[in-house]
Amino acid sequence: MAGPGLIIAAPSTGSGKTTVTLGLLRALKRRGLRVAPAKIGPDYIDPQFHALACGQPSQNLDAWAMRPSIFGALVAKLADAGDLVVAEGVMGLFDGAERAGQTSDGSTAEVARRTDWPVVLVVNCSGLAQSIAPLAKGFCDFDEAVDVAGVILNMVAGARHLRMLSKAMDEIGVPVFGTLMRDTSIELPSRHLGLVQAEEQPGLEALLEKAGDAVEQGCDIERLMAIARPPRSCGTPSVHSVPIEPLGQRIAVASDVAFRFAYPHVLEGWRRAGAELALFSPLADEAPDARADAVYLPGGYPELHGARLAAAQSFIGGLGQAAENGVSIYGECGGYMVLGKTLVDADGVGLRMAGLLSVETSFAERRLHLGYRHISLSGPCVLGPVGQCYRGHEFHYASAIAEEGEALFVNLENQSKCGLRRGSVAGSFMHLIDRSDA
């Protein structure tokens, strides 16, 4: 029998669902349970925290970008992987992409509809008293296909505040599964692309312990476990289907704090298809494996480490040698920036990069680029033949200040072009999530 699951969601971003999720994962781990964590939506950072909180790898679930076979296979894998699935939502419960003729919006609510997992709503109670009642009631009643089973009251100021909140919830009959008092010591630091990465926080283990204590003391974990239920069928899982075809047979994958934004389901798909992955660290000035027939530079934070990367001669030289040898090289977002000629850092200093694509990028004047993208290849390359379609996500503050050459993708929504390809080298600001059948 498939393991039961539940979703931790919220009315809006900033409500504390990540803190609650981490505390719950740690509390369940303390009880000796094997928890399968998941993150809904296109997020690379929260899953790092999930894994450290419970000792199990976290998996992304994306109802907008993933084909039914991929989505279904990942849900089935999660349900088989532990005693309980705990999935953290994205943004507000019903927030998603504009449909624009599509059948899905990628919201947390859509994942709840597809899986039939119940939703626990984390409500930031700062500035709320009796008004929590219509807010909670509205979320519970808005969509009968989404089971909002109850709430966790977060950021409660004190005993009097709690009395008012509890009375209001009693009057509408919505269950309260727990209360977390206001505690700045368990708040996670953030920067421009989300939380500061887990491996960059030396005090993280102590914070996870405190979050676990807060959930243990403030939440009814037995009741939370009791409402969890196995997922309904989410399409036809296929262990043979891979989101993106392997770039080669032996793929050198950049992996350190500057290049951490690689989706586990993509890397696992490559391994499942028979490819061998060889990790290397550009920040440690490691060159890609000379035996590799492909190099993958995922996104991350190269803009915060530009000077070190510019000085990493073995890394830069290794990329150049690989390109000369016809090795396929593909860069996403931060990886694309490093494949370019110049990266202008936050201080306005221009730093020379690999120069394999004719693009100059700048982080000096930040401009948000955010959203799902439905794209197709404008020409043949390592990612496939011309016209091959993908769904992906774009989230960055750096901008291309100069781009020259053959475009990599065409945006199917507005026919604009993005990214570049030259010889065996290709890259763009897009993070690819899955192929698209249309």
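Key figures
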| item | result |
| --- | --- |
| Residue that is modelled with the lowest pLDDT [pool: residues in segment 192-219 that are exposed (fewer than 13 other Cβ atoms within 10 Å of the Cβ) and not in a helix (DSSP H, G or I)] | Pro202 |
| The listed residue being closer than 30 Å to Asp95 by Cα and part of a loop (DSSP other than H, G, I, E, B), out of Arg367, Arg391, Arg373 | Arg367 |
| Residue within segment 328-347 that is surrounded by fewer than 15 Cβ atoms within 10 Å (Cβ to Cβ) and modelled with pLDDT under 95 present | yes |
| Residue count for segment 138-183, restricted to those that are assigned to a helix (DSSP H, G or I), among the acidic types (Asp, Glu) and closer than 20 Å to Trp117 by Cβ | 1 |
| Search result, residues across segment 283-307 that are surrounded by fewer than 22 Cβ atoms within 10 Å (Cβ to Cβ) and of a type in the set (Asp, Glu) | Asp285, Glu286, Asp289, Asp293 |
| Yes/no for Gly269 being more than 27 Å from the chain's Cα centre (by Cα) and surrounded by fewer than 23 Cβ atoms within 10 Å (Cβ to Cβ) | no |
| Residue tally, condition of a type in the set (Asp, Glu) and under 25 Å from the mean Cα position of the chain (by Cα), over segment 185-227 | 5 |
| In segment 262-305, the residues that are touching a helix residue (DSSP H, G or I) at 6+ places or on another chain (Cβ under 7 Å) and part of a strand (DSSP E or B) | Leu277, Val295, Leu297, Gly299 |
| Sole residue being modelled with pLDDT of 95 or more, more than 27 Å from Ala214 (Cα to Cα) and in the same structural domain as Thr115 (by TED's automatic domain parsing), chosen from Val35, Val75 | Val75 |
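Residues are listed down the side, and each one gets a yes or a no for (1) within 21 Å of the chain's Cα centre (by Cα); (2) outside any strand (DSSP E or B); (3) without any contact (Cβ under 8 Å) to a residue 12 or more places away in the chain:
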position: Leu309; (1), (2), (3): no, yes, no
position: Leu319; (1), (2), (3): no, yes, no
position: Ile329; (1), (2), (3): no, no, no
position: Tyr336; (1), (2), (3): yes, yes, no
position: Leu343; (1), (2), (3): no, no, no
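The values are calculated or read from the model by the stated rules, or taken from the named source; none is laboratory data. This structure is a prediction, so every number in the text was calculated from the model and none was measured. Glycine also receives a Cβ, built like all others from the backbone with ideal geometry; neighbour counts cover every protein chain displayed.
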